[in-house]
Structure formats: C-alpha cells, structure tokens
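J.: Handing you a structure now.
The values are calculated or read from the model by the stated rules, or taken from the named source; none is laboratory data. Predicted model only: the values in this text are computed from it and were never measured. Glycine also receives a Cβ, built like all others from the backbone with ideal geometry; neighbour counts cover every protein chain displayed.
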C-alpha cells in the first residue's frame with residue numbers, strides 16, 4: 001500500500017547511490033503566518049517561555065530543598081538510579097550469566113536506592129527529572145526556529161488535497177480536514193487501503209491541478225512531493241501523520257493541522273531539497289543496520305518495546321555479527337561496517353537517537369550522514385548514559401558528516417532501505 005507510514009524498497013546486492021542531486025520541489029507552500037521572524041512572539045510562545053522558566057526554577061527548588069534536608073541523599077540517589085538504568089540495559093542486551101548478573105545488579109542498586117533514600121528520595125529524583133524535561137520541551141517551543149521568508153505567491157487556482165484517513169490514528173477526521181479543505185475551495189481525494197497514491201497524484205496534475213498536497217505521514221509526503229517535482233508544480237504538506245518530522249523542519253505548527261491548509265491560499269513558497277535512494281524519493285532519511293532489522297519484524301508495529309527487547313541481545317550482544325554495510329567515511333577511507341547508518345536529506349542536529357533531531361535547513365544540497373559503531377555489549381552502558389543526557393555526539397563510536405552522495409554496499413541481498421522518520 002503506497003501510502004502507509006513506512007515505505008520499504010528491496011535492493012539486490014547493494015543500495016544504489018543515496019543522493020541529493022538538483023532535485024527540489026519547485027515550491028513548498030507554507031502558511032505565511034507559520035514563518036517565524038522578527039515579529040512579536042505569539043501568545044503560545046510566550047506561554048511556553050513562562051512554563052520553561054517556572055519548571056527550571058521549580059527543579060532548582062527541589063534540588064536545594066533535598067540538599068538542605070539530607071545533603072548526601074540526593075547525589076547518592078542519582079548515582080543509584082543511574083546504576084539501576086545501566087545495569088537494566090546490560091541485562092536487556094546480555095545473555096545467559098551476563099544477563100543474570102546485570103539483572104541482580106539492577107535489583108540491588110534499586111533496592112539500595114529505596115533503602116537509603118526511601119520512596120520520598122526516589123520521588124524527589126523523578127520529580128526533578130520530570131521538571132527539567134518539561135522545561136526543555138517548553139524552551140524549544142518558546143524559541144522556535146527562524147525560517148527564510150520565501151516568496152509570496154497567490155492562491156492555488158486548482159488545489160487538490162489527498163487525505164490518508166488512517167494516518168496518525170485518524171488525525172484527518174479529528175481535525176475535520178475534508179470540511180476545512182472544502183471551505184477553502186480545495187478538492188479532497190480520500191485514500192483507501194488499495195489506493196495507488198502516485199497514480200492519483202499524476203491524474204490530478206493531468207486534470208489541471210497547479211498545487212497538490214497530502215494530509216498524511218512522511219512517506220506519503222515524499223511520494224506526492226516527488227510528483228510535484230516531476231511536473232514543476234507546488235506542494236503542500238499537511239501534518240496528519242504520527243510524527244510529522246518533515247513538517248517540523250518546514251517550520252509548520254504540527255498541532256494546528258487544519259491551519260496548514262492555508263498554504264493553498266495566498267501564502268509563502270520556498271524551495272527545498274528531496275533525497276533519492278535508487279528511484280525512490282525521501283524527505284527525511286533512509287536508515288540501515290540494527291534499527292532497520294528491528295523495525296522489519298512483524299511484531300514491531302504492535303509491540304515496539306517488546307520486539308526491541310527480544311532482538312537486541314542477538315543484534316548487539318556477545319558473539320553477534322555487525323551489519324554488513326560498506327561505505328566511504330568522511331576521510332575518504334572505506335568503512336567495513338556500522339551498527340546504525342542514518343542518511344538524511346540535509347544534516348540533522350542530532351544529539352540523541354531517542355529524542356530525534358531537527359534540520360536547520362532543507363535546501364543545502366547535501367546529505368547528512370550519521371554512523372554509529374557499538375563495540376558489542378561492553379559499549380552499550382556508555383552509549384545509553386550519553387544518550388540519556390543528550391550527549392550522543394560524545395560517544396567514541398559516533399560520527400557525523402555531509403556529502404552530496406553516498407554509496408552503500410552489502411554482500412547478502414536483499415538489503416532493506418526504510419524511508420520515513422528519523423530512527424528513534
């Protein structure tokens with residue numbers, strides 16, 4: 001089904017060149033009021049700034065109160081919690097005696113935490129962590145990101161919106177996208193399970209559409225953007241998927257799904273790059289290695305955490321073989337393998353795989369390449385610790401660089417290439 005969230009292409013023997021050549025959507029239309037600049041911050045951004053400050057102050061207050069009451073308890077509690085998490089992860093990726101030892105270690109560390117600090121101490125640490133996390137998220141929303149102004153354009157003469165009604169857990173229905181699009185004079189084409197989205201998009205262009213858009217996930221966005229590119233017409237992204245990372249990097253407000261339809265009216269238009277792997281276009285990334293192996297499992301969609309827990313010992317545990325991926329590194333030297341290889345349409349600011357990343361720009365004309373090497377199980381605790389504090393770039397097996405093209409070879413066909421959201 002071509003409009004599902006995940007799009008997989010099978011490539012025999014080698015992954016063809018992954019590239020960002022001179023392939024750009026002629027014009028990605030975004031609502032003019034979604035472009036941030038030097039104007040007065042919106043009420044929502046001012047509220048987010050206030051929340052960020054209040055939560056940061058509250059976290060400091062919790063810390064000072066805990067230190068004043070029991071000066072040793074807080075640092076010891078934090079250390080015990082860190083040991084519990086690291087030992088728990090080692091138990092997850094280990095096997096046999098190693099898994100049993102790590103499980104016992106995690107249980108002892110957690111028991112010691114409760115015995116020394118008590119339930120109140122554990123709650124204090126968790127509350128502090130929660131306040132800091134909320135403060136960080138709110139600060140990101142408050143600052144936003146500057147986007148180029150683009151070119152002012154008039155309304156679409158014949159706009160067509162394709163709607164994946166199942167994407168994002170039925171986001172299109174919750175936001176009344178069909179009714180909102182009709183009110184703006186935009187033709188709506190709902191997608192059914194057996195719909196060929198590319199054929200529908202091609203037909204819409206043949207029937208005179210000058211602007212086409214898609215309300216769906218990033219895989220659907222890539223397909224319709226490719227049709228827009230091939231016919232030199234404008235494209236509209238409506239964030240009705242699960243994660244909507246392409247919309248995020250375009251500067252759209254992903255919470256205001258219906259508001260994205262304003263791009264069919266008088267608005268702002270700017271050009272962005274499209275990545276290509278073989279004959280497939282992607283707007284976010286392609287990923288290979290351990291992550292790809294996990295998401296290919298039949299059980300992954302319904303039980304992500306359980307599937308990962310069951311597969312990680314075999315993928316990263318003792319005696320496991322690294323993925324067969326051969327490519328050229330940033331120094332021009334051949335690399336025989338990598339546990340994770342992420343190739344993105346322009347570079348991500350990536351400090352945490354779990355936290356995902358953002359791209360400062362989508363028109364740089366290059367690929368962002370992230371490779372991760374894990375020296376099997378002994379490196380995993382360090383990796384988890386750095387990942388948990390957003391310092392993945394300090395891990396010795398982490399490397400990032402940019403290039404206009406990357407070729408990846410593998411000895412055993414077929415290789416699977418996944419396009420869609422960043423790994424995490």
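J.: Checking residue 417 against (1) part of a strand (DSSP E or B); (2) at pLDDT 70 or above: exactly one of these is not met. Which one?
T.: Checking residue 417 against (1) part of a strand (DSSP E or B); (2) at pLDDT 70 or above, the one that fails is (2).
J.: Still on this structure: Select from the range 248-258 the residues that are assigned to a helix (DSSP H, G or I) and either surrounded by fewer than 21 Cβ atoms within 10 Å (Cβ to Cβ) or not assigned by TED's automatic domain parsing to the domain that holds residue 228 (or both) and write down the one among them that is modelled with the lowest pLDDT. Break it down into steps so the answer makes sense when it comes.
T.: Looking only at the range 248-258, we keep the residues that are assigned to a helix (DSSP H, G or I), and these are 248-250, 258.
Remaining after also requiring either surrounded by fewer than 21 Cβ atoms within 10 Å (Cβ to Cβ) or not assigned by TED's automatic domain parsing to the domain that holds residue 228 (or both): 248, 258.
Details: 248: 87, 258: 90.
My answer is 248.
J.: Filter the range 149-165 down to residues that are farther than 23 Å from residue 216 by Cα and surrounded by 13 or more Cβ atoms within 10 Å (Cβ to Cβ) and give me whichever is modelled with the lowest pLDDT.
T.: The selected residue is 150.
J.: Next up: Does residue 213 count as assigned to a loop (DSSP other than H, G, I, E, B), assigned by TED's automatic domain parsing to the domain that holds residue 167 and either in contact with a strand residue (DSSP E or B) (Cβ under 9 Å, 6 or more places away or on another chain) or free of Cβ contacts under 8 Å to residues at least 24 places away in the same chain (or both)?
T.: No, not satisfied.
J.: So which residues in the range 385-401 are at pLDDT below 70, surrounded by 16 or more Cβ atoms within 10 Å (Cβ to Cβ) and either over 20 Å from residue 83 (Cβ atoms) or out of contact with any helix residue (DSSP H, G or I) (no Cβ under 9 Å at 6 or more places or on another chain) (or both), if there are any at all?
T.: Selection gives 387 alone.
Residues are listed down the side, and each one gets a yes or a no for (1) at pLDDT below 80; (2) surrounded by 20 or more Cβ atoms within 10 Å (Cβ to Cβ); (3) not in a loop (DSSP other than H, G, I, E, B):
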residue	(1), (2), (3)
299	yes, no, no
320	yes, no, no
327	no, yes, yes
332	no, no, no
343	no, yes, yes
383	yes, yes, yes
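J.: Residue check, residue 177 against (1) within 20 Å of residue 257 (Cα to Cα); (2) buried (at least 22 other Cβ atoms within 10 Å of the Cβ); (3) at pLDDT 95 or above, all met but one. Which one?
T.: Going through the list (1) within 20 Å of residue 257 (Cα to Cα); (2) buried (at least 22 other Cβ atoms within 10 Å of the Cβ); (3) at pLDDT 95 or above, residue 177 breaks only (3).
J.: Next up: For the range 259-289: of the residues being within 16 Å of the chain's Cα centre (by Cα) and not in a strand (DSSP E or B), which is surrounded by the most Cβ atoms within 10 Å (Cβ to Cβ)?
T.: 283
J.: Here's something else I'd like to know. Does the range 221-232 include one or more residues that are assigned to a loop (DSSP other than H, G, I, E, B) and not assigned by TED's automatic domain parsing to the domain that holds residue 77? Talk me through it step by step, then tell me what you get.
T.: First, the residues of the range 221-232 that are assigned to a loop (DSSP other than H, G, I, E, B): 232.
From what is left, the residues that are not assigned by TED's automatic domain parsing to the domain that holds residue 77 are 232.
The answer is yes, given that some residue of the range 221-232 is assigned to a loop (DSSP other than H, G, I, E, B) and not assigned by TED's automatic domain parsing to the domain that holds residue 77.
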